[in-house]
Amino acid sequence: MSASSIPPSGLVRMNPPVFYFSASFILLFGIVVIAMPEQAGAWLLAAQNWAANTVGWYYMLAMTLYLVFVVVTALSGYGKIKLGADHDEPEFSYLSWAGMLFAAGISITLFFFCVSEPLTHLAQPPQGTAGTPEAARQAMQILFLHWGLHGWGVFAFVGMALAYFAYRHNLPLALRSALYPLIGKRINGPIGYAVDGFGIIATVFGLGADMGFGVLHLNSGLDYLFGIAHTQWIQVGLITLMMGAAIIVAVSGVDKGVRVMSDINMLLACALLLFVLFAGPTQHLLNTLIQNIGDYLGALPMKSFDLYAYDKPSDWLGGWTVFYWAWWIAWSPFVGLFIARISRGRTIREFVFGVLLIPLGFTLAWMSIFGNSAIDQVLNHGMSALGMSAIDNPSMTLYLLLETYPWSKTVIAVTVFISFVFFVTSADSGTVVLSTLSAKGGNPDEDGPKWLRVFWGAMTALVTSALLFSGSIDALKSAVVLTSLPFSLILLLMMWGLHKAFYLESQKQIAQLHSLAPVAGSRRGGWRQRLSQAVHFPSRDEVYRFLDTTVRPAIEEVSAVFVEKGLNVITQPDPVNDSVSLEIGHGEEHPFIYQVQMRGYFTPSFARGGMGSKQLNNRRYYRAEVHLSEGSQDYDLVGYTKDQIINDILDQYERHLQFLHLVR
């Protein structure tokens, strides 16, 4: 795969197969659900129960695989690969990049779930007795699991795939590009377009769920402050109002002003977090934060595979963990594209650990401080009504908690404002991402056409309204679980494609290093002799004679000069292992080792013409391979002259001196 595999060209325009496939499915779904809300709600709930009981194990396994894949990749030699050309430098400083990753970790759903979820787990734990300190500890452990490394692992995976293929191999900034190592140019055919289509469908429903929870949260805030009724039609009006504002932002070019407002909003969110920390039981909240982190990290391996298989069957897993895993998967194209665009020039290692850890720190601190504040009110201050609201009216729970703090009306008003801005900025970014995923042409950093942003904003509003009409929260969860299922399979294929691309790149780098194995002048006999040598597969005796008559004299001649220079030189012929080596000591520094060792391989089939079947199976050829202290360099000296071998030794020695210079 080369850097010019499938270069983008022309202006950014709609990609018809992707657009019509995804838009038709979403439009049909919205019409059916709006026309038959009660039946659709029942179907969605039944389908979610089926998914939880049938493929819940698969969601648990898939999410863990995504996380393990990105961590292992980052820690391996592949972690040094850049998301871009080798000469690319990051566009943003570490501080700016970290700030944008931090922003990616804040969503309106943090407000919805930070209090309602832990209180729900406290009152209805999957295991153990409700309303106890043990249930509270378990509730926070589950909360951290749902908002922790697994989710950011799938974001990092998708972002890494998008950035790698777009910026390093000049492929489209599209999900289908990750399948290029598997299906080649067919990514620009039905298979590739289906991949992008399923990605858009999952993203729309993921955004729809986010918007749905956000609208419920905002409606409750307005109800608390101004008595605005908590009804479906009010919620549809709020969706229309805020999505309209997001569409205007997306197409009017006022993004700079919105970004400034978003920065102010993040400062307000941090201020709200600090207010809750210092106006509440500060010491207790800090203690529980540290303990929550320890509990989460200690239980992470077990909880990653915990299906409660030995407990009494219930709907808990499908309604919570399976839903969260599906939701993170659905959001992955949206967030993945954002973090890919800001990460060009980063190595895979710094990208993965930056994405995993920077947003995670804020998210877990937010969840711990708000969650433990609410649990403290319920367990230690008799606020049983707060615990009941998490089950009966979860969107109101945060406001009921804030009601117990000083200046509650002002704090709640600020919370509603923060939530509104987060809603608009998330919806704005979502419409831009969807327009990009359904477009083609142009450069990877170009957004999709403005009319596509309008269309996808309307589609997301339609899906959100339809799901709220068909069953509110349960319908939102069910739709996300179902639409994420096919896309989760695509992510596994993308993982395979990305691994294959990394392997091919590593092999290419090895080949490039081989071609740089220094040779002074042409080999004896000119280019014809060199060609003959390239297709010649020597026997053991030929290579043994080569070691004895050419390699050994070259090493001895070089050794004599090194000795004259006062260096500590050791030459070691090793007939048992068919090798000869040179070692130069540098006192306390790393020694230089140059060894030529004979290695045998089966002769490739194309070189066995005319051989009988017995010879075909047993014929071997041999190479005189160079080994340094770190192991084989995988190039062959057979055919080199004595002077060329001497030059090779000197070049490798100069590289060793450079290494000693760098590590001091």
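Brief remarks on what is shown
- Note on the range 149-307: Rg/Rh from C-alpha atoms, Kirkwood Rh, equals 1.06.
- If the convex hull is drawn through the Cα atoms of the range 99-197, its volume per residue in Å³: 147
- Tensor-based shape of the range 262-334 (alpha-carbon gyration tensor, a/c under 1.5 rounded, otherwise prolate or oblate): oblate
- Partner aspartates and glutamates whose Cα lies under 18 Å from the Cα of Lys409, excluding those fewer than 8 positions away in the same chain, are identified as Asp223.
- Element breakdown for the range 89-183 at a 1.4 angstrom probe: carbon and sulfur atoms account for 56% of the accessible area.
- Formal net charge of residues neighbouring Lys82 (Cβ-Cβ distance under 13 Å; K, R +1; D, E -1): -1
- Angle between the chain longest axis and helix 642-663 axis [Cα atoms, degrees, rounded to 10]: 40
- Tilt relative to the chain, helix 109-123 - C-alpha long axis, 0 to 90 degrees, to 10: 80
- Taking Cβ atoms as reference points and 14 Å as the exclusive limit, the residues near Gly631 contribute a net charge of -2, counting Lys and Arg as +1 and Asp and Glu as -1.
- Relative packing of 92-98, 131-137, 368-374, 69-75, which averages over residues the other C-beta atoms within 10 Å, highest first: 368-374, 69-75, 131-137, 92-98
- Degrees separating the helix 16-35 axis from the principal Cα axis of the chain, which is the longest one: 30
- Å² per residue, accessible surface of the chain at 1.4 Å: 43
- Fraction of accessible area attributable to carbon and sulfur, the range 414-482 (%, probe 1.4 Å): 63
- Spherically averaged projected area in nm², based on the convex hull that wraps the Cα atoms of the range 31-75: 4.4
- Computed across the chain, the Kirkwood hydrodynamic radius from all distinct Cα-Cα pairs reaches 28.3 Å.
- Shape class for the range 1-139, computed from the alpha carbon gyration tensor (a ≥ b ≥ c): oblate, with a/c not under 1.5 and a/b at or below b/c.
- Compactness of the range 177-242, expressed as Rg and Dmax over alpha-carbon positions, Å: 19.5, 58
- Net charge, Phe562 excluded, C-beta distance under 12 Å - Lys, Arg +1, Asp, Glu -1: -3
- Pairs exceeding a 31 Å alpha-carbon distance, out of Lys82/Lys303; Lys312/Lys477; Lys80/Lys477; Lys80/Lys185; Lys80/Lys450; Lys312/Lys500: Lys82/Lys303; Lys80/Lys477; Lys80/Lys450; Lys312/Lys500.
- Shape call, the range 376-503: gyration tensor on alpha carbons, a/c limit 1.5: prolate
- For the range 126-132, Karplus couplings with θ = phi - 60° (6.51, -1.76, 1.60), whole Hz, Gly/Pro x: x, 9, x, 8, 6, x, 10
- Rounded percent of accessible protein surface that carbon and sulfur make up, the range 292-342, 1.4 Å probe: 69
The values are calculated or read from the model by the stated rules, or taken from the named source; none is laboratory data. In this text, all values refer to a predicted model and were calculated from it rather than measured experimentally. Using ideal geometry, Cβ is built from the backbone for each residue, glycine included, and neighbour counts are taken over all protein chains shown. Ligands, DNA and RNA are excluded from the accessible area calculation, which covers all protein heavy atoms including side chains. Shrake-Rupley method; radii C 1.70, N 1.55, O 1.52, S 1.80 Å.
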